[in-house]
Amino acid sequence: MSLTLVDGSHGVRDARRFVLAVDLDGVVADFARGLRPVAAEWLGVPLDALTEEVSYGFPEWQLERCGGYDALHRFAVKQRSLFKNLPPVPGAPPALRRLSTRNIRIRIVTHRLYIPWFHQEAVQQTIEWLESHGVPYWDLCFMRDKAAVGADLYVEDSPANVAALRADGHETIVVVNSTNRHLPPPRAASWDEVEQLVVEALARWQRAG
Ligand SMILES: [Mg+2]
């Protein structure tokens, strides 16, 4: 949906809205918490054997003993509907609903399509999940290069993505989890904090405009 305003002096112009790019896994969907029981099943180990203090890519779970991360990922999405069943990160859906009322355009940007030949399941489960949790958005981008989608502010958790976005001059809020405790601010330990930081960034953007 795009909004067009009629401006008395300049004719028709597009109303530029603040675009908030929001990553899904580790930010809105609690990927590690949802994957952990599937990983325990895949490996044939008790749930407690898998630490919750994971790094990016889950090396602590020693997935190579059953074919590595990609094999688990394929099983989890195709056979256990992982993207449909992930728990939300606490507070994320209502915070996004509140932000959406501030005339912010929410652009979901996720790199979920990185294993070939099951994009249909991945996309379908993602859309069903977003709807069932009442996550508001106007754009849904399945992208590896997150800077390429364009946004006024990013919310991310992956250390590599945060570094790439910031190096490219994009303001990025880190949603803190066990994969990124070393990253510099701005950081948010909860979605209340994300919301606060977004509202402040929006106010700066409006003043600058
Ligand atoms: Mg992520």
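The values are calculated or read from the model by the stated rules, or taken from the named source; none is laboratory data. Every value quoted in this text rests on a predicted model; they were computed, and no experiment measured them. Reconstructed Cβ throughout: ideal geometry from the backbone, glycine too, with neighbour counts over all protein chains shown.
What the table below lists for this structure:
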read-out: Some residue of segment 175-188 being within 15 Å of the ligand (Cβ to nearest atom), under 26 Å from ASN103 (Cβ atoms), over 13 Å from the mean Cα position of the chain (by Cα) and not polar (S, T, N, Q); value: yes
read-out: Residue tally, condition touching a Phe, Trp or Tyr at 6+ places or on another chain (Cβ under 8 Å) and either within 16 Å of the ligand (Cβ to nearest atom) or of a type in the set (D, E, K, R) (or both), over segment 37-63; value: 3
read-out: Test result for VAL54, in contact with a helix residue (DSSP H, G or I) (Cβ under 6 Å, 6 or more places away or on another chain), outside any helix (DSSP H, G or I) and not assigned by TED's automatic domain parsing to the domain that holds THR172; value: yes
read-out: Residues located in segment 180-198, provided they are assigned to a loop (DSSP other than H, G, I, E, B) and at pLDDT 95 or above; value: ASN180, LEU183, PRO184, PRO185, PRO186, ALA189, SER190
read-out: Residue match in segment 64-72 (condition: more than 29 Å from TRP138 (Cβ to Cβ) and within 16 Å of the ligand (Cβ to nearest atom)); value: yes
read-out: Residue tally, condition in a loop (DSSP other than H, G, I, E, B) and free of Cβ contacts under 8 Å to residues at least 60 places away in the same chain, over segment 158-179; value: 5
read-out: Count of segment 138-159 residues which are at pLDDT below 95, over 18 Å from TRP205 (Cβ atoms) and within 14 Å of the chain's Cα centre (by Cα); value: 4
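Residue-by-condition table, conditions (1) free of Cβ contacts under 8 Å to residues at least 24 places away in the same chain; (2) assigned by TED's automatic domain parsing to the domain that holds THR179; (3) surrounded by 15 or more Cβ atoms within 10 Å (Cβ to Cβ):
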residue: VAL109; (1), (2), (3): no, yes, yes
residue: PRO116; (1), (2), (3): yes, yes, no
residue: HIS119; (1), (2), (3): yes, yes, no
residue: GLU128; (1), (2), (3): no, yes, no
residue: ASP152; (1), (2), (3): no, yes, yes
residue: GLU156; (1), (2), (3): no, yes, yes
